[in-house]
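First up is the structure itself, then whatever we jot down about it.
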Amino acid sequence: MLRGREAPERSNTEAETRMTESLRIVVGYTADDSGADALALGARIAAATEAFLEVVMVLPIEARGGVVPRDPGYERHVKERSQGWLAEASARLGDDIAQSLHIRYADSFAEGLLAAAHEFGAALIVVGAARGGLLGRSRIGSVASALLHSSDVPVALAPSGSREVATAQGITRITAAIGLRAGASAVLEASVRLGRAAHAPLRLVSLVPIDLPSGMDEELADLTSTAHAEEVLLAAKRALPAGVDATVSTATGSSIEESVRALEWHAGEIVLVGSSRLATPSRLFLGSTGSKMLRELPVPMIVVPRPTD
Amino acid sequence: MSQHQQHERAAQAATPAHASTHPHEHHTEPHAPLTTASAMVDGTDPGLTKKGLSAGSVGLIGAIVIGISCIAPAYTLTGALGPTVAEVGTQLPAIFLLGFIPMLLVAFGYRELNSAMPDSGTSFTWATRAFGPWLGWMGGWGLIAATVVVLSNLAGIAVEFFYLAVSQVVGFFGGDAAAVADLVGNPFVNVATCLVFILGATLISYRDMQTTQKVQYWLVGFQLLVMIAFGVAAFWHVANGTAFDATPVELSWFNPFEVGSFSAVVAGLSVSLFVFWGWDVTLTMNEETKGSRTTPGKAATLTVSIVVAIYLFVAMGALAFAGVGTSGVGLGNEAIQENAFFYLAGPVLGPLAIFMSIAVLSSSAASLQSTFVSPARTLLAMGHYGALPQKFATVSPRFFTPGYATVVAAIVAAVFYTIMRFVSDEVLWDTIQTLGMMICFYYGITAFACVWFFRRTLFASARNVFFRLIAPLVGGTILAVLFFTTLIDSMDPAYGSGSNIFGLGLVFVLGMVILLSGVVVMFWQRWKRPAYFRGETLSRAVAED
């Protein structure tokens, strides 16, 4: 879907090929609201694309520090508690979604999720975006943040409240955010694949913040940048494979946030953005435009790694 | 084989064999195959991944570092030197050596129990298995009380050294160092600072923020270096004739019979227990230590040798430098006894005294963190088995720490310190002696639990005779004698620091309040949650092999 990568161990018989070919989505689960958001979004994408859900809990490796001695009894307790949490989560998901549950150990949650994604040949990692801060403000949690700056697998961020969206809502539209510079190929490609898998229409958008020194003719500036954006969008649309259609729209505003607000959004929509030019090839790095969008977006966002040069 | 099938197989293999010992877990059956990277927890899976092995285990040095950082020699010595000298005078080295014996013997039994029944409830779980719910409950209470008492003591020492360090820095820049150092004496400033420290330690423990091994290597290395420098500097002053009260080292320092009175030896011992407390972790780290089977043994032996050597060297240096006179920085001076390094660092180390402050501060910080884990895990186990409200068994879903229990332990430690600071003039001293009594209580119960739990296997081998019978029995008996002797002696209002309430020694009152409130809470829980007390959640057992 999002990535043409094959599962590492692929066998040859037909039945098994079909099995491994089904998409795999890793959900980074924790037994709190953020984990529930991630699980709900993962389940929704899995249901829409008939993907296989790998629900992963990452526990800390106890012996990683140099201060607190390990306690196998306590580790066993945490493991059993986590198995219980996973079982409860799985019960809530129901039997309609193909899934398996996993407990993994790693130095950090992000590291463990990435390792699990590689282990399963997953095409997507889903995490809760927000970790409710002490002050109740929604912000990018450390896990999401770590993944957003290192992952080589696309990362979906479930905004706070995703847990309220029913699985049946499905994916009603895929929106690809096309930047003004070249290099949108990865986003475009991933959006096409996801749109196909989910049987969802595609929309290409370009956000045009007008941020010019005062005194300039705003009308004129508006016109030129919008014209440029439309050119880029049309070029992107021409680059789409045959048989794929897409709507295009350009959003303007005095800032990225305002442009995002200017667009209309479906409840079942998913947005894809590319990585910043700061990313190393084939890795992910959420740039400043992406971060600003994330703050404002009412729907989930998937960040796609920078293509290999 | 497809991945899916592999998962299913792994799920079957990973079905927890321990489920039966955890009756309280409400089991929701998973709707899907469940796999666990069990290798890193159980260590039984032959398919141990490379990553798991390197990240999940501790080498010889790592084990020694954790051991030393749990004992925190810089912190324990500063708290224990004075009170021990007050009891036994120059026979301090003898008492330190003697105090080590019961701790070592009980640690052997502790290790046997830990490998037979690894459980986060340690003393609570083992004593319940051996002796049933009532004694087991009190064993857990003793452990929790001891750790809560030591938490408040640790935080108290950290506060004193914090202000000392600040005053040293202020003095360096020409400020009014004495004014800053005097802030410690203001109970309101003192308590406020202490509460901030406890809050910080709670946050760190709750979020499970651990110093990496590398950082900890440096901190422990630094701590040892400062202690050695202190000893060398002390002897150098003695040789140069610049010591405060040069006292020649004598062989009699190592002879406990020169102390004179049995009560004094007991009082000294009950303080010295505290300096070795926490050492047992090196013995129980057996499962994770990488390398050969002999590594844990080596780690334990080396840890203990290093710590005992440091204690003796520093204690002798301090005695030779300051003597046991009752004026100035003489160790017999009551004014300096409850925090010896605080007063000795300047005269001995001169301009380098700030390093001592940093060593004690960093050692208290590390110890504060490792100590916090202990009551929290025991409270969690008690909640889990229904000996306390279920809430205590809550595991934080985000940090995987015993969140509720950690917060409760912190609140109790904070309240305890605050009350003590206003009730007692010599908080640190009184808490250490109370702590000694609590250690005797729950270590004693644990030692006897070992003998009783293994009663059918005691004579199966020569090894069992020593590790399951003789060592814990002798160790437990010594601790029991210390406990009752201390209890009786401490009724005397002049006992220890001389703090007293209504003519009864404060240490006695504290010990009684802690134990009797334990009994009250126990009966309350018996009424609220009878299942545990009927042995339905954690039954008595006896080892068969």
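The values are calculated or read from the model by the stated rules, or taken from the named source; none is laboratory data. A quick note: this is a predicted structure, and the numbers were derived from the prediction, not measured. Note that each Cβ is placed from the backbone with ideal geometry, even for glycine, and that neighbours are counted across all protein chains shown.
Looking at the range B:216-223, is at least one residue within 26 Å of B:Val348 (Cβ to Cβ), of a type outside the set (Asp, Glu), loosely packed, with under 15 Cβ neighbours inside 10 Å and within 13 Å of chain A (Cβ to nearest Cβ)?
Checked against the condition, which is being within 26 Å of B:Val348 (Cβ to Cβ), of a type outside the set (Asp, Glu), loosely packed, with under 15 Cβ neighbours inside 10 Å and within 13 Å of chain A (Cβ to nearest Cβ), the range B:216-223 yields at least one hit.
With the range A:23-109 as the region, which strands (runs of 3 or more DSSP E) entirely inside it contain at least 2 residues that are facing chain B (nearest Cβ under 7 Å)? Break it down into steps so the answer makes sense when it comes.
Values: elements: A:24-28, A:52-60, A:99-106.
Result: A:52-60, A:99-106.
With the requirement that a residue be more than 20 Å from the chain's Cα centre (by Cα) and among the β-branched types (Val, Ile, Thr), what does the range B:84-136 give you?
Matches in the range B:84-136: B:Val85, B:Val88, B:Thr90, B:Thr128.
I'm told A:Leu114 meets every condition in (1) touching a residue at least 12 places away in the same chain (Cβ under 8 Å); (2) facing chain B (nearest Cβ under 9 Å); (3) part of a helix (DSSP H, G or I) except one. Can you identify the failing condition by its number?
Of (1) touching a residue at least 12 places away in the same chain (Cβ under 8 Å); (2) facing chain B (nearest Cβ under 9 Å); (3) part of a helix (DSSP H, G or I), only one is false for A:Leu114: (2).
Can you say whether A:Glu50 is closer than 27 Å to A:Ser282 by Cβ, at pLDDT 80 or above, of a type in the set (D, E, K, R) and surrounded by fewer than 20 Cβ atoms within 10 Å (Cβ to Cβ), as far as the supplied structure shows?
Yes, satisfied.
Out of everything in the range B:326-362 that is among the small types (Gly, Ala, Ser) and assigned to a loop (DSSP other than H, G, I, E, B), what residue ends up being surrounded by the most Cβ atoms within 10 Å (Cβ to Cβ)?
Among those residues, the one meeting the criterion is B:Gly330.
Residue check, B:Thr406 against (1) over 30 Å from B:Leu77 (Cβ atoms); (2) within 13 Å of chain A (Cβ to nearest Cβ); (3) surrounded by 21 or more Cβ atoms within 10 Å (Cβ to Cβ), all met but one. Which one?
Status for B:Thr406: all satisfied but (1).
Within the range B:192-214, is even one residue of a type in the set (D, E, K, R) and part of a helix (DSSP H, G or I)?
Yes; the residues of the range B:192-214 include at least one that is of a type in the set (D, E, K, R) and part of a helix (DSSP H, G or I).
Tell me, which helices (runs of 4 or more DSSP H) lie completely within the range B:380-494 with 3 or more residues that are closer than 30 Å to A:Trp85 by Cα? Break it down stepwise before answering.
Working: elements: B:403-423, B:427-453, B:471-489.
Ranges flagged: B:403-423.
Please determine, by comparing only the residues of the range B:493-512 that are surrounded by 13 or more Cβ atoms within 10 Å (Cβ to Cβ) and among the hydrophobic types (A, V, I, L, M, F, W, C), which one is nearest to B:Val271 (Cα to Cα).
B:Val507
Considering only residues that are over 16 Å from B:Gly475 (Cβ atoms) and more than 14 Å from every other protein chain (Cβ to nearest Cβ), which ones fall in the range B:109-141?
B:Phe131, B:Gly132, B:Pro133, B:Trp134, B:Leu135, B:Gly136, B:Trp137, B:Met138, B:Trp141
Which ones in the range A:256-270 are touching a helix residue (DSSP H, G or I) at 6+ places or on another chain (Cβ under 8 Å) and surrounded by 16 or more Cβ atoms within 10 Å (Cβ to Cβ)? Before the answer, list the steps.
Of the range A:256-270, the ones touching a helix residue (DSSP H, G or I) at 6+ places or on another chain (Cβ under 8 Å) are A:256-257, A:260-261, A:267-268, A:270.
Across the range A:256-270, the qualifying residues are A:Ile256, A:Glu257, A:Val260, A:Gly268, A:Ile270.
Please state which of the following conditions A:Asp211 fails to meet, knowing it meets all the rest: (1) within 22 Å of A:Leu297 (Cβ to Cβ); (2) surrounded by 14 or more Cβ atoms within 10 Å (Cβ to Cβ); (3) modelled with pLDDT under 85.
(2) is the only condition that A:Asp211 fails.
How many of the residues making up the range B:450-459 are without any contact (Cβ under 8 Å) to a residue 60 or more places away in the chain and aliphatic (A, V, I, L, M)?
1
Here is a check on your reading of the model: is B:Ala365 more than 25 Å from B:Leu269 (Cα to Cα), within 14 Å of another protein chain (Cβ to nearest Cβ) and either without any contact (Cβ under 8 Å) to a residue 24 or more places away in the chain or crowded, with 24+ Cβ neighbours inside 10 Å (or both)?
So B:Ala365 does not fit the description; no.
Would you point out which residue out of B:Ala409, B:Ala387 is within 24 Å of B:Asp208 (Cα to Cα) and not polar (S, T, N, Q)?
On the way: B:Ala387 fails: within 24 Å of B:Asp208 (Cα to Cα).
Of the residues listed, the single one that is within 24 Å of B:Asp208 (Cα to Cα) and not polar (S, T, N, Q) is B:Ala409.
Hey, does the range B:414-429 have a residue that's over 24 Å from B:Val159 (Cα atoms) and either of a type in the set (Gly, Ala, Ser) or surrounded by fewer than 20 Cβ atoms within 10 Å (Cβ to Cβ) (or both)?
Within the range B:414-429, none of the residues are over 24 Å from B:Val159 (Cα atoms) and either of a type in the set (Gly, Ala, Ser) or surrounded by fewer than 20 Cβ atoms within 10 Å (Cβ to Cβ) (or both).
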